[in-house]
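One structure is given here, and the rest of the page talks about it.
The numbers here are math on the coordinates, done by the rules we state, and not lab data. No experiment lies behind these values; they were computed from the predicted model shown. All Cβ positions, even for glycine, are placed from backbone atoms using ideal geometry, and neighbour counts span all protein chains on display.
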Amino acid sequence: MKYIGQADFSHSQQPKIGVLVTNLGTPESPTTKSLRKYLGQFLADPRVVEVPRLLWRCILHGVILRIRPSRSAAAYKTVWTEQGSPLMTHTQAQCDGLTQSLKKQYGDNIEVAFAMRYGEPSVSRTIEAMQQQGVRRLLVLPLYPQYSAATTASTFDAIAEDFMRRRWLPDFRFISHYHDYPPYIEALAKSIEAHWEQHGRADKLLMSYHGIPFRYLKNGDPYHCECHKTSRLLAERLGLAKEAYMTTFQSRFGREEWLKPYTDHTLKALPEQGVKSVQMVCPGFSSDCLETIEEIGVENREYFMESGGERYEYIPALNASDDHINALTQLINEQLQGWTMPESNAGEMTQAHCNALPKV
């Protein structure tokens, strides 16, 4: 095996600490061709779809990738902006905000970058670019507040795969979840309170999370429990009674049972129960994307209103808000504890030591 290294590597390079934030990914454009490429990578991940590989490969390439890309492309066209994919735009803005925040504290001793688990910028290319900049200690923060094997663990898989081919491995830390991190809960609460100040409250607040197959929960995935803990902590911070909020799960795929209650089914049933106004928030999404803008903002709104609802509001994700950036900065700072900043002349000292070695 040929390991990744730098042919022109200089030992005088100043070592740095790196912070890599990651998100799920997005197609390059809202076209059938781009969606086929993106979905082909996403749905081929065994962490995402836990089905025997040979059987799933036949289903994926024989059926799904022949039908789903055009449908998904049509949905993406409804949310695409002049800047491109909302997920890409928001993740870039979050990275920029963290860069500004962290460099105020650490100066040029820190490098901040973002990568996508599927699509570009890829995890491997981003790690390579960071090493080119001298990153010798790497902290990775997947922007998934609640841990799931289908998201967080898949990100770790991509990093591990890259490390298996890399000559010089950085010291490494990985933040697997922050579902109950107080500054994150506070940022969510302030976002909801700001919406209330402008629009008032509704009959019920629905906290909708991306779903996963129910059998993942039975096999030990903590995602369901962490979603409910986020909801409970957020409701306590907001002072909500149990009947004033609900936790639901969206974005089902396939025919098997997923985590319940389903968001769409719930919204269709609420008007008959006397709930005429709802406000939606998605505490599992760090950035607005297709699943929040189109699925929650448009599709599920139609379900509720057509079933007799009278008022429906979506409270946006935290995105690159100041409170969100501050919460993530605090989380990163806590995880960096014990990693002292490199000395300003560390690279020069290393090069001097190399120069003093006997020539071979």
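Brief remarks on what is shown
- Of all aspartates and glutamates in the structure, those lying under 14 Å Cα to Cα from K218, and not within fewer than 8 positions of it along the same chain, are E50, E256, E257.
- Segment 1-147, relative contact order [Cα under 8 Å, separation at least 6], %: 47 percent
- Among 36-48, 54-66, sorting by the average number of other beta carbon atoms lying within 10 angstrom of each residue, highest first, gives 36-48, 54-66.
- A cut-off under 15 angstrom between Cβ atoms defines the neighbours of E236, and their net charge, with Lys, Arg +1 and Asp, Glu -1, is +1.
- The angle separating the long axis of helix 86-106 from the principal Cα axis of greatest extent in the chain is about 50 degrees.
- With Cα atoms, 0 to 90° folded angle of helix 65-79 axis to the chain main axis: 80 degrees
- Rel. contact order, % - alpha carbon contacts under 8 angstrom, at least six apart, the chain: 24 percent
- For Y314, distant residues with modelled amide H under 5 Å away: M280
- For F174, the amide hydrogen comes within under 5 Å of the amide hydrogens of V140, counting only partners 5 or more places away or on other chains and with H modelled in the peptide plane.
- Ratio of Rg to Rh for segment 1-111: 1.12 [Cα atoms; Kirkwood radius as inverse mean 1/r over pairs].
- Angle between the chain longest axis and helix 322-335 axis [Cα atoms, degrees, rounded to 10]: 50 degrees
- Antiparallel DSSP beta bridges within the chain, percent to nearest 5: 5 percent
- Among the listed pairs K229/K276; K104/K229; K242/K268; K242/K276; K16/K37; K37/K190, those with a Cα-Cα distance over 28 Å are K104/K229; K16/K37; K37/K190.
- Cα shape, segment 182-314, gyration tensor, a/c 1.5 rule: oblate
- Inter-part distance where segment 1-68 and segment 132-211 are each reduced to a Cα centre, Å: 18 Å
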